[in-house]
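Below: one structure, written as structure tokens.
The values are calculated or read from the model by the stated rules, or taken from the named source; none is laboratory data. If you're wondering where the values come from, they're calculated on a predicted model, not measured in any experiment. Neighbour counts run over all protein chains shown; Cβ positions are idealised from the backbone, glycine included. For accessibility, only protein heavy atoms count, side chains too; no ligands or nucleic acids. Shrake-Rupley method; radii C 1.70, N 1.55, O 1.52, S 1.80 Å.
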Amino acid sequence: MSKQVTLTIDGKQITVPDGTLVADAAKLAGIDIPVFCHHPKLEPVGMCRMCLVEIGRPMFDRATGQIVMENGQPKIQFMPKLETACTNPVSEGMVVLTQTAKAKEGQKGTVEFLLTSHPLDCPICDKGGECPLQNLTMEHGPGKSRFIYDEKLHLDKQVPLGELIWLDRERCIQCARCIRFQDEIAGEAVLGFDERGRNTQIVSLSDPGFDSVFSGNTTDICPVGALTTADFRFGARPWELKAQASICTQCPVGCNTTLNTRREAKAGGDIVIKRVMPRQNEEVNEIWLCDKGRFAHHYVGSKKRLARPQIRKDEKLARASWDAATKLAAENFSASKKDFVILASGRLANEDLFNLKSLADHAGGRAILYSDMGGGDLTALVGVGAGTNLGKLGEGDAILVVASDLYEEAPIWYLRVKQAADRGAALIVANPRETKLDKFAKFSIRYSYGDEVKAVNDFGKKSKISDEFAKAKNAIVFFGSEGLGLNGTSAVASACADLLKETGHIGRASNGLIGVWQRANDQGAWEVGLQPEEDLAKALKGKAVYIVGTDPVGDDPKLAKALEGAEFVAVQDILETATTEIADVVLPAQAFSEREGTFTSGERRVQRFYAAVPPTGDSKPDFVITSMIAKQMNIVLEGTSVSVVFDILANSIEAFTDLSYAKLAEVRPQWPIVGRGDVYYGGTTYENKHGLGVQLVPAAQVGGTVRIPKVKKEAVLRPKEKELLAVPVNKLYDRGVTVSPAELLDERVGEATVSLHPEAAERLGVEAGARVKISFDGVSGEAVVKIDDTISAGVALVPRSMGIAIKEPVAAKVK
């Protein structure tokens, strides 16, 4: 336990850890000191002077070094001038006065200075109603300004820093919170100050502008209306919005969010999501979100939402009743017996997946996970232990990232791993090419595509890097699907599990394996018993197929052809897709924002999400639809209460034992203290009142012998002469059905690309920006050439979900 220090603030004695800043100590004591530039997640700078207070310290006798006593109490000496509470660390016996006339005068003067050039346009400012400057002016500022309008400095009011963030230069108070966040937290110093004095302005230093996937966070911590999002600005007033807790569905991190909603005239009077805000969970996303999680919510309000059941008649889909649609599906599934296949994705909640697996088991069919990635059985075995918190990792700990570009695949994990490295953790990045995380790594390991398992095995042999990993107090391994398919990821996961076991880094908190899955609840799917299929096309052909929450026809021509040969196809989804177009029955499901449920994150943390908007049309939750079909098949599945489904799940699956909706909703005090009542301190993030979730206990932590299953070795593909090896990589902003409807992300999604080494590009006679045709294994498509000198000359990087179907390394031709 760290050294504790006792001090007095406004007559209240408190004890806090040594090194705590006065402003933060006051917060812990329930005393609010006004701040603008200070933020508990950022380094202190003392720029705004809003937190001026009187600080007294015990006097020491210079001769003896002892505290001078007066009337039995330490004699306190106050400095002649006010001091900043945000830069002064506490000391034993310190006395702080925040409410004296001298302190109040200093705070009042600071507000007046800030207002000398700040427009008094609160009624038309997007920040109005949640603005720290507005609130603190009311509390600490003068009743009126001594400056007239013509004396104010007038600057540009609508400056796009990038396509997602707008700057009003008149409103900026130069607190540098945005600059410091990008530098200190994100590690991307893409913002800076320009000019001097009153002319100081925020500028973007990157091309394209504000080139960061964390840009939206700057609008949360901006203490004025200077920074606004293109998604929300001029869209609503904060006091018009309702708030509901949710979980981000875009990646396996499981970020805690708040959905702000409002009834919208231009939406025909419907209640719609106006913005997505962070909800504090210090063990998951702290108070941050990536831009994909913040802005890619528009698919739930898309015009392509499915609203009513449909049945194919005379080669066309026609509206039908729920009874008719579920009866037709049930009849075909029952008739197919062992040829009944369920194909479901990690976009679904745990309750949905559990009902689907139960239906398959009772009907004698199969439930397949739609994924290119294996290893979920190993994360259940040697996954990170309960109590894991990446925010606690630091000096003496180690993190290994294998075959994953965390910045593109799970940005908040990138953020937290980067910060662990900043605190002294030994970060080791093993990847065939350079990623953004390499800049913060202590060791970078390069291997050829196809040598992932060899790289992990070699890493386990004696070397400086392996010794540091083995001797670490705690060690975590992230494995991904960079350049790998199903078999490749399974093999890498097995090698990583062996490494963790051999070095003793399993079975306890902050140690173990984490899969960087392609969807939010892939881990949950593995937990309830779904697994991917190596030859999915073969598994679907000639079968009665129940497809839930995925679009195989739109993703892969091979799967489209296989489904053409299916006996019957029922599709259950929230949106019209290429797969719904070929279906015999279409069943409209509710989006995550319209219902309750749970997800299991990549760290195996089970978390609740809640309904924020009414259902679209006659859509129903996935678990309800599955229970309706089951009933028509004389199979009893719970379909009335999602919490009851979870209770049945918890009683059926050992890892979920003793979990309940009530337990998942439990909260506890967190630091920093944030909330909507003092937005000047922590920003506009929401306090967590709806649950921090519970981590599942891996088998290794329960005890007993841990045996890592062996994976058969696969032949490694190598580039051949006059051919390139096309390898799949992951891209944050892709053409997936949950991203495409967000038009403001179009620029970031861009076109399909193929990345080539300069030598390969020269050999093919193409340059950066050229349009080429890439073909492999019966698949072809057009792509724009990107040049990357960090990759091998024999490979071509092809992003997944960008219109060119690639699941694993394959020989390709580019022309």
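Number of residues in the stretch 1-58 that are of a type in the set (D, E, K, R), under 26 Å from GLU282 (Cα atoms) and in a loop (DSSP other than H, G, I, E, B) equals 5.
Looking at the stretch 463-506, which of its residues are in a loop (DSSP other than H, G, I, E, B), of a type in the set (D, E, K, R) and in contact with a helix residue (DSSP H, G or I) (Cβ under 9 Å, 6 or more places away or on another chain)? Before you say what the answer is, go through the steps one by one.
Taking the stretch 463-506 as the starting set, the residues that turn out to be in a loop (DSSP other than H, G, I, E, B) are 463, 472-474, 480-485, 503-506.
With of a type in the set (D, E, K, R) added as a condition, the list becomes 473, 482.
Correct list: GLU482 only.
Residue-by-condition table, conditions (1) among the β-branched types (Val, Ile, Thr); (2) more than 20 Å from GLU409 (Cβ to Cβ):
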{"position": "GLY488", "(1), (2)": "no, no"}
{"position": "ALA493", "(1), (2)": "no, no"}
{"position": "ASP498", "(1), (2)": "no, yes"}
{"position": "ILE514", "(1), (2)": "yes, no"}
{"position": "TRP517", "(1), (2)": "no, no"}
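From LEU21, LEU28, LEU42, LEU7, which residue is under 21 Å from PRO672 (Cα atoms), open to solvent by 50 Å² or more (accessible area, probe 1.4 Å) and in contact (Cβ under 8 Å) with a residue 60 or more places away in the chain?
Values: LEU21 fails: open to solvent by 50 Å² or more (accessible area, probe 1.4 Å); LEU42 fails: open to solvent by 50 Å² or more (accessible area, probe 1.4 Å); LEU7 fails: open to solvent by 50 Å² or more (accessible area, probe 1.4 Å).
On inspection, the qualifying residue turns out to be LEU28.
Of the conditions (1) outside any loop (DSSP other than H, G, I, E, B); (2) without any contact (Cβ under 8 Å) to a residue 60 or more places away in the chain, GLU534 satisfies every one except a single condition; which number is it? The number of the failed condition is (1). In the stretch 153-166, the condition of being within 28 Å of GLY235 (Cα to Cα), within 35 Å of the chain's Cα centre (by Cα) and polar (S, T, N, Q) is met by at least one residue. The test for being at pLDDT 95 or above and within 22 Å of the chain's Cα centre (by Cα) holds for ASN285.
Please give the helices (runs of 4 or more DSSP H) falling wholly within the stretch 344-446 in which 1 or more residues are without any contact (Cβ under 8 Å) to a residue 60 or more places away in the chain, farther than 24 Å from LEU637 by Cβ and open to solvent by less than 10 Å² (accessible area, probe 1.4 Å). Before you say what the answer is, go through the steps one by one.
Numbers: elements: 350-363, 376-382, 406-409, 411-422.
So the answer is 411-422.
Yes or no, residue by residue, for (1) modelled with pLDDT under 95; (2) over 22 Å from LYS338 (Cβ atoms); (3) not assigned by TED's automatic domain parsing to the domain that holds ASP339:
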{"site": "GLY480", "(1), (2), (3)": "no, yes, yes"}
{"site": "SER494", "(1), (2), (3)": "no, yes, yes"}
{"site": "ARG508", "(1), (2), (3)": "no, yes, yes"}
{"site": "GLU533", "(1), (2), (3)": "no, no, no"}
{"site": "ALA537", "(1), (2), (3)": "no, no, no"}
{"site": "ILE582", "(1), (2), (3)": "no, yes, no"}
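Restricting attention to the stretch 443-462, the residues that are in contact with a helix residue (DSSP H, G or I) (Cβ under 8 Å, 6 or more places away or on another chain) and either farther than 13 Å from GLU714 by Cβ or charged (D, E, K, R) (or both) total 9. Considering only residues in the stretch 301-324 that are assigned to a strand (DSSP E or B) and among the hydrophobic types (A, V, I, L, M, F, W, C), the one that is most open to solvent (accessible area, probe 1.4 Å) turns out to be LEU317.
For the stretch 192-220, which residues satisfy the criterion of being among the β-branched types (Val, Ile, Thr) and either surrounded by fewer than 21 Cβ atoms within 10 Å (Cβ to Cβ) or more than 16 Å from ASP168 (Cβ to Cβ) (or both)? Break it down into steps so the answer makes sense when it comes.
Residues of the stretch 192-220 that are among the β-branched types (Val, Ile, Thr), as a first pass: 200, 202-203, 213, 218-219.
Result: THR200, VAL203, VAL213.
Does LEU659 fit the bill of being in contact with a helix residue (DSSP H, G or I) (Cβ under 8 Å, 6 or more places away or on another chain), in contact (Cβ under 8 Å) with a residue 24 or more places away in the chain and closer than 30 Å to GLN280 by Cβ? It is true that LEU659 is in contact with a helix residue (DSSP H, G or I) (Cβ under 8 Å, 6 or more places away or on another chain), in contact (Cβ under 8 Å) with a residue 24 or more places away in the chain and closer than 30 Å to GLN280 by Cβ. Taken together, the criteria exclude LEU664 from residues that are touching a residue at least 24 places away in the same chain (Cβ under 8 Å) and more than 28 Å from VAL272 (Cβ to Cβ). Which of (1) surrounded by fewer than 14 Cβ atoms within 10 Å (Cβ to Cβ); (2) within 23 Å of ILE221 (Cα to Cα) is the odd one out, the single condition GLU666 does not satisfy? So GLU666 meets the others, but not (2).
Rundown of residues vs (1) in contact (Cβ under 8 Å) with a residue 12 or more places away in the chain; (2) outside the structural domain of SER601 (by TED's automatic domain parsing); (3) out of contact with any Lys or Arg (no Cβ under 7 Å at 6 or more places or on another chain), yes/no style:
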position: PHE181; (1), (2), (3): yes, yes, yes
position: VAL190; (1), (2), (3): yes, yes, yes
position: GLN201; (1), (2), (3): yes, yes, no
position: GLY216; (1), (2), (3): yes, yes, no
position: ALA230; (1), (2), (3): yes, yes, yes
position: GLY235; (1), (2), (3): yes, yes, no
position: GLN244; (1), (2), (3): yes, yes, yes
position: THR261; (1), (2), (3): yes, yes, no
position: ALA265; (1), (2), (3): no, yes, yes
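Go through the stretch 686-710 residue by residue and tally those that are among the β-branched types (Val, Ile, Thr) and open to solvent by less than 60 Å² (accessible area, probe 1.4 Å). Reasoning before the result, please.
Within the stretch 686-710, the subset among the β-branched types (Val, Ile, Thr) is 694, 697, 702, 705-706, 708.
Next, from what is left, pick out any that are open to solvent by less than 60 Å² (accessible area, probe 1.4 Å): 694, 706, 708.
Total meeting the criteria: 3.
To keep it simple, each residue is scored yes or no on (1) of a type in the set (D, E, K, R); (2) under 21 Å from ALA176 (Cα atoms).
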site	(1), (2)
PHE36	no, yes
ARG49	yes, yes
ARG62	yes, no
CYS86	no, yes
VAL96	no, no
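For the stretch 726-744, the set of residues classified as closer than 20 Å to PRO252 by Cβ and either outside any loop (DSSP other than H, G, I, E, B) or open to solvent by 30 Å² or more (accessible area, probe 1.4 Å) (or both) consists of PRO728, VAL729, LYS731, ARG735, VAL737, listed by residue number.
Taking the stretch 83-112, which residues are free of Cβ contacts under 8 Å to residues at least 24 places away in the same chain and either exposed (fewer than 15 other Cβ atoms within 10 Å of the Cβ) or within 16 Å of ASP32 (Cα to Cα) (or both)?
First, the residues of the stretch 83-112 that are free of Cβ contacts under 8 Å to residues at least 24 places away in the same chain: 101, 105, 109.
If the condition is that a residue be free of Cβ contacts under 8 Å to residues at least 24 places away in the same chain and either exposed (fewer than 15 other Cβ atoms within 10 Å of the Cβ) or within 16 Å of ASP32 (Cα to Cα) (or both), then ALA101, GLU105 are the ones that fit.
The set of residues in the stretch 614-656 being closer than 20 Å to GLN572 by Cβ, buried (at least 17 other Cβ atoms within 10 Å of the Cβ) and free of Cβ contacts under 8 Å to residues at least 24 places away in the same chain consists of VAL624 alone. Filtering the stretch 507-527 to residues that are among the polar types (S, T, N, Q) and outside any loop (DSSP other than H, G, I, E, B) leaves only GLN523. Between VAL754, VAL779, the distinction of being of a type outside the set (Gly, Ala, Ser), open to solvent by less than 50 Å² (accessible area, probe 1.4 Å), under 24 Å from ARG433 (Cα atoms) and not assigned by TED's automatic domain parsing to the domain that holds GLY346 belongs to VAL754 only.
Out of all the residues in the stretch 788-809, which are surrounded by 17 or more Cβ atoms within 10 Å (Cβ to Cβ) and aliphatic (A, V, I, L, M)? Selection gives ILE791, VAL795, ALA796, LEU797, VAL798, MET802, ILE804, ALA805, ILE806. Scanning the stretch 230-237 for residues that are under 19 Å from the mean Cα position of the chain (by Cα), farther than 27 Å from ASP522 by Cα and open to solvent by 20 Å² or more (accessible area, probe 1.4 Å) turns up at least one hit. Against the numbered list (1) more than 19 Å from VAL585 (Cα to Cα); (2) of a type outside the set (Asp, Glu); (3) in contact with a Phe, Trp or Tyr (Cβ under 9 Å, 6 or more places away or on another chain), HIS362 comes up short only at (3).
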